[in-house]
Amino acid sequence: MTVLAVTGDATTTTCVALAAAWPVDDDDVVVLEADPSGGSLAAWLDTPATPTLGTIVASAGTSAPLADTVSSMTHHSAAGIRFIAAPVRGIPARRAIDEAVTTVVPTLASSPTIVLADVGSATPVGPIVRWASTVVVVHRQTGRSAAAESVRLERLLERIEQVAVHDADLVVAVIGADPFEPNEIESLVESNVASRVAAHVVLADDPLSAAVVCGRTGVSAKRLQRLPLMRSAAAATHRMRLTLQEPVR
Amino acid sequence: MTDTRSRSTSTVAATPVTDSVPGRGFRPPSRHRNRIALGALLAAVAIGGNAWVYSDLDDASAVIQVVRDVPAGAQITADMLRTTDVDADSTVNLVPGERLDALIGRYAKVRLVSGSLITAETLQDVPLVRPGGAIVAIQVAEGTLPIGLRERVPVLLVVGGSTDEEAPTTVTGRVVGLPTATTSGLGVESLSVEVELVDAPRIAAADDVRVVLVEPSEDPATAISTTSEDPEP
């Protein structure tokens, strides 16, 4: 089972960054948009809005093997990212995700494909987490104030506890270093969460890279690779791949 | 919780990941390189076109200019002329600058005013005083010269006739030098006239000479010059 569910803040950007920075070219990496609030990647990566996860779910009852259907309806963006798009609007997206949990996701989980599932920031965390071998909880510091960030950290702890009930390795990814250093947050998590955290990773708060992932032009691929987000994502994926190879559960 | 924390957790900082980790890569949307190339090409064409048009407009060529006043008949010396660049239509009668040396030693047919451009017809190869001729300076009262008097125009010089006993006589001549600004306190002007050599003493000795402007005629000096000039203007 090679589903990495990404939940929390900035999940879509994080998923694309992780997919782009995945350290082994031979790995088959696909981003699965499963955000109940709706899909964005088709617009970000300039591909047609359809087919979507809903299209795949609707095709699940046909005679064609579902794996082939999934493969044929996976978007291949010019940016090099392969992804399964969610419907843009929230209601059809939620319906598609609910259906996909019992059809598409098990098919993906049983394949050798590494699935980076963007499950969004909704709480409780979506049902796809049940199929995940690793859950990445992303916390992005807003940098507004220590008091405001303390409140958000409480919610981070709550989210970690929610996902910790599933049989998956837990990775906490912190974006940004202001107002708290990542190691402070790591200490906080370790001292307040009973569940085991397999790894703590840090992602750079890099608005330019995030904008490029969203479709901004004017930054070359070579320059993007040198920007902080992609460099930190490379380090993070390296660590996550080790977790996949040596689960700590 | 203590038990949990006793298990080792790892962070990225503890993982030696080098900068050389390339990842799968993300190819951002292109910068429309074709459009950039097309724009650069159009800019280059526009710049080249403008350069061509303006270089074509700047069609100046060297011609010969007079740098100081040269009276008619004077022999041209190097300090009288220079070359200058002008953008003139090809139909304008000018002497190319490369012919400057060829003009040295020739003679001015007419007065050449400082700053004017030389034309081939204003110079000749021989002196203005032809064989058998002479230049006589006569003094005339200010205001007695006829209107329209110019260098190389024919004139009739009337000598005598101021008394009843003396009949006036006439001598034909050709003006070679006009009076400059009057400097005499007596109110007279000096006029240089080319006459036949035999008439020169009588004109020079006369006290009262009047000048009559007559019908223009062919200038013998110019005729000689025309036949002796090289065909190139």
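Yes or no, residue by residue, for (1) at pLDDT below 90; (2) part of a loop (DSSP other than H, G, I, E, B); (3) farther than 28 Å from residue A:232 by Cα:
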| residue | (1), (2), (3) |
| --- | --- |
| A:87 | no, yes, yes |
| A:116 | no, no, no |
| A:122 | yes, yes, no |
| A:148 | no, no, no |
| A:159 | no, no, no |
| A:163 | yes, no, no |
Which ones in the range A:57-75 are touching a residue at least 12 places away in the same chain (Cβ under 8 Å) and exposed (fewer than 15 other Cβ atoms within 10 Å of the Cβ)? A:67
Of the residues that sit in the range A:205-222 and are among the charged types (D, E, K, R) and in contact (Cβ under 8 Å) with a residue 12 or more places away in the chain, which one is farthest from the other protein chains (Cβ to nearest Cβ)? A:205
Quick check on the range A:223-245: of everything there that is at pLDDT 85 or above and either surrounded by fewer than 15 Cβ atoms within 10 Å (Cβ to Cβ) or within 24 Å of residue B:35 (Cα to Cα) (or both), which residue is nearest to the other protein chains (Cβ to nearest Cβ)? A:224
Between a first residue in the range B:114-132 that is hydrophobic (A, V, I, L, M, F, W, C) and a second residue that is exposed (fewer than 15 other Cβ atoms within 10 Å of the Cβ) and at pLDDT below 85, which pairs have beta carbons less than 7 Å apart while being 6 or more apart in sequence or on different chains? B:120/B:233; B:126/B:228
Quick one: how many residues across the range B:104-127 are polar (S, T, N, Q) and under 11 Å from the mean Cα position of the chain (by Cα)? 3
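Of the residues A:31, A:6, which single one is modelled with pLDDT of 90 or more, in contact with a Cys (Cβ under 7 Å, 6 or more places away or on another chain), closer than 25 Å to residue A:202 by Cα and more than 14 Å from chain B (Cβ to nearest Cβ)?
A:6
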Suppose we filter the range B:140-152 for residues that are under 34 Å from the mean Cα position of the chain (by Cα) and crowded, with 16+ Cβ neighbours inside 10 Å; how many remain? 3
If we keep just the residues of the range A:165-194 that are assigned to a helix (DSSP H, G or I) and in contact with a Leu (Cβ under 9 Å, 6 or more places away or on another chain), which is surrounded by the most Cβ atoms within 10 Å (Cβ to Cβ)? A:189
Go over the candidates A:226, A:239, A:216, A:231 one by one and state the one that is in contact with a strand residue (DSSP E or B) (Cβ under 7 Å, 6 or more places away or on another chain) and of a type outside the set (Gly, Ala, Ser). A:239
Condition first: at pLDDT 85 or above, surrounded by 11 or more Cβ atoms within 10 Å (Cβ to Cβ) and aliphatic (A, V, I, L, M). Can you find one or more residues in the range B:37-45 that meet it? yes
Please indicate, with yes or no, whether at least one residue in the range B:198-206 is assigned to a strand (DSSP E or B) and at pLDDT 85 or above. no
If you take the residues in the range B:46-90 that are of a type in the set (S, T, N, Q) and at pLDDT 85 or above, which one is farthest from the chain's Cα centre (by Cα)? B:50
Output the residues belonging to the range B:130-161 that are touching a helix residue (DSSP H, G or I) at 6+ places or on another chain (Cβ under 7 Å) and among the hydrophobic types (A, V, I, L, M, F, W, C). B:134, B:136, B:138, B:157, B:159
Cβ pairs under 6 Å, 6+ apart or interchain, first in the range B:65-90 and under 16 Å from residue B:120 (Cβ atoms), second assigned to a loop (DSSP other than H, G, I, E, B) and of a type in the set (Ser, Thr, Tyr), ordered by first then second residue, are B:66/B:114; B:66/B:116
Conditions (1) outside any loop (DSSP other than H, G, I, E, B); (2) surrounded by fewer than 18 Cβ atoms within 10 Å (Cβ to Cβ); (3) in contact with a Pro (Cβ under 9 Å, 6 or more places away or on another chain) -> residue A:54 fails only (2)
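The values are calculated or read from the model by the stated rules, or taken from the named source; none is laboratory data. Just so it is clear, the model here is predicted, and its values are computed rather than measured. For neighbour counting, all protein chains shown are included, and Cβ atoms are generated from backbone atoms with ideal geometry for every residue, glycine included.
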